[in-house]
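Report on one structure; see the data block that follows.
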Amino acid sequence: MNILWVNWKDWRHPGAGGAEVVLHELIKRQVADGHNVTLLTALYKDAKPIEQCEGLTIIRVPGNRYIQPFTTARHYRKHLRGQHDVIIEAVNTAPYFMPYLTSHRWCGLSPRKRLAARKRPPATDTTVCRWCSKTIAQPLVLYHQLARQVWFHELPPPFGLLGYALIEPASTFLMAKSGTPTIAMSNSTKQDLKRFGFREQQLHIISEGIESEPLRSLDGITKYEQPTLFAHGAMRAMKRTLHQIQAFELAKPHIPDLRIMVSGNHNGPYGKKVLDYIAASPYAADIHVLGRTTTQKRDELMQRSHLHLQTAAKEGWGITVTEANASGTPCVVYDTDGLRDSVRNGETGIITASNPQSMANAIVQLLQDQDAYEKLRQNAWRWSHDITFDQSYRDLLAVLRHITQ
C-alpha cells in the first residue's frame, strides 16, 4: 500500500514532541510491514528537503507555521496527487484540510478533463477518478487533542480568544463536515470532536504507546531514601509547572524531608518566571531544577522518585504518566483532558481538582499511607504493559481495514 502521512513536524525536528514519537513509531511499523510510506512535513534549518531514511521518504516543504500549510497544499497538488492509496493527516492545532485537497469532486467541472474523459472507455475501477484518471486516495485524520483552553495559556489576549472562539472551532467544524474517518487518541479527544460536529460513526479510538518498555519487575527498584516528587516536561504556560512547585510547597510542612526534581527545557518567558519563583521560595534548597535530561537519566529519575506530577491544562494522552507507571511510579494529575484518560483514579494514580492545594493534599495522603501507595504503584505498573505502540499499530490497522474495505 502507498501511504502518505502529513504532519507539521517530523521526529528529527528540534521542536519535536510526543506527537512526533507516535508518528515515528507507527510509521516504523508500516515500513516493516512492507508499505511504501512518504512523510510530507515542514522544512527546518539544516534539514534536507528530500531525505530517504529508515525505509521511507521524507519531503520537507518550506514555510513558517502560518505559511507552511499553503506551501504543503501546493506541493501536494503539484507533485503528489494521485500517487497514494491512503493519506493520513495528523492534526496539530491547525489542520492542512487534506480531505478536501485529496477530493476529486471538482475534476468534472474542468471542460478539458471532461473532453479527455469522453475519449476514454468508461472506467470500471472505482479507485480511479473518471475525469483525471488519477488514484483516488482514502483520507484519514488523526487528532491527538484539540487546543481549546491552551490558547489562553500560550497566547496573549486577544489572540488567545480568537483561537479559542473562532479559528479552532471553524477549522474543526470544516474537518467534521468532510465526513472523513477520524482517529482520536483518547476518549476526551473523541468527546471534544463530537462537540464540533464529528459523528460517532466516523470516529475511532486507538491506543497510545510509550517508547521505553515497562520494567520486567519492580523487584530491585530502590526508591530514593528522601521522599521525592518528580516533574518532567518543558516549562510552558499550558503545562502549569508553577502549580507543581506550589503543590510541593503546600505539602512540604506535612512531610519535612520532601523534595522535588524538575526536568525539562526551561527556556522562554514562562521558564524564567518559574525559575524566579523557585529562587524566592523558602524551600528552594529542596527544589532541584535539572534542565534537559537524557532518556537514561529521565528513566532513572522516574524509577527512583516516589510520585510523578502532571498539571497540563490539556493533553491528548498523558504520555509521561504512562512512562512513569512503566517505571514503577504512580502519578498525581489534574482532572483535565488526556490526563484523566491516562489515570484510573484511585486504582493507578490520583486525579485531583486543578489547583495546587488539591494536588498537595493527594501527595500527603499517598506518601503517608504506604499500603495505599504500594497498591497504586503495582496497579499502575501492570496497566502500563497494555499501553504499547504494538497495540497502537494493531488498532490503526483495524481502522485502515475498516475504511478501505
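Every number here is computed from the coordinates shown, using simple stated rules; none is lab data. What you see is a predicted model, and the numbers here were worked out from it, not measured in a lab. In this analysis, Cβ positions are derived from the backbone assuming ideal geometry, glycine residues included, and neighbour counts consider all displayed protein chains.
Things to note:
- Rounded to the nearest 10 degrees, the inclination of helix 168-177 to the longest alpha-carbon principal axis of the chain is 50 degrees.
- With a threshold of 31 Å on the Cα-Cα distance, the over-threshold entries among Lys190/Lys272; Lys28/Lys78; Lys272/Lys375; Lys9/Lys314; Lys28/Lys134 are Lys190/Lys272; Lys272/Lys375.
- Fluctuation leader among Pro49, Pro269, Pro282 - the chain, Gaussian network, Cα springs under 10 angstrom: Pro282
- The range 358-405 shape via C-alpha gyration tensor axes, a/c threshold 1.5: prolate
- Net charge over other residues, Cβ less than 12 angstrom from the Cβ of Glu213 (K, R count +1; D, E count -1): -3
- Fewest-first sequence of His84, His153 by Cβ atoms within 10 Å of each Cβ: His153, His84
- Of Gly328, Gly271, Gly209, the one that fluctuates the most in a GNM where the chain has Cα springs shorter than 10 Å: Gly271
- As a ratio to 2.2 N^0.38 Å, the alpha-carbon radius of gyration computed for the chain takes the value 1.09.
- Counting beta carbons within 10 Å around each of Phe389, Phe198 and listing the fewest first gives the order Phe389, Phe198.
- Under a Gaussian network description of the chain, with springs only between Cα atoms under 10 Å, the residue in Cys132, Cys331, Cys53 that fluctuates furthest is Cys53.
- When Rg and the Kirkwood Rh are both derived from Cα coordinates, the Rg/Rh ratio for the range 228-384 amounts to 0.93.
- Based on Cα contacts under 8 Å between residues 6+ apart, the chain shows a relative contact order of 13 percent.
- Cα centroid of the range 249-314 to Cα centroid of the range 328-405, whole Å: 20
- Arranged from fewest to most other beta-carbon atoms within 10 Å of their beta carbon, Thr93, Thr180 become Thr93, Thr180.
- Calculated [222 nm] ellipticity per residue, helices only, for the chain: -10500 deg cm²/dmol; basis is -39500 (n - 2.57) per DSSP H run with n ≥ 4, divided by all residues, nearest 500.
- Loop-located GluC sites (Glu not before Pro) in the range 150-253, at most 13 other Cβ atoms within 10 Å (DSSP): Glu225
- Of the GluC sites (Glu not before Pro) found in the range 303-405, those that fall in a DSSP loop while having at most 13 other beta-carbon atoms within 10 Å are Glu347.
- ³J(HN,Hα) computed for each position of the range 364-378 - Karplus, 6.51 cos²θ - 1.76 cosθ + 1.60, integer Hz, glycine/proline x: 4, 4, 6, 6, 9, 10, 4, 5, 5, 4, 5, 5, 4, 4, 5
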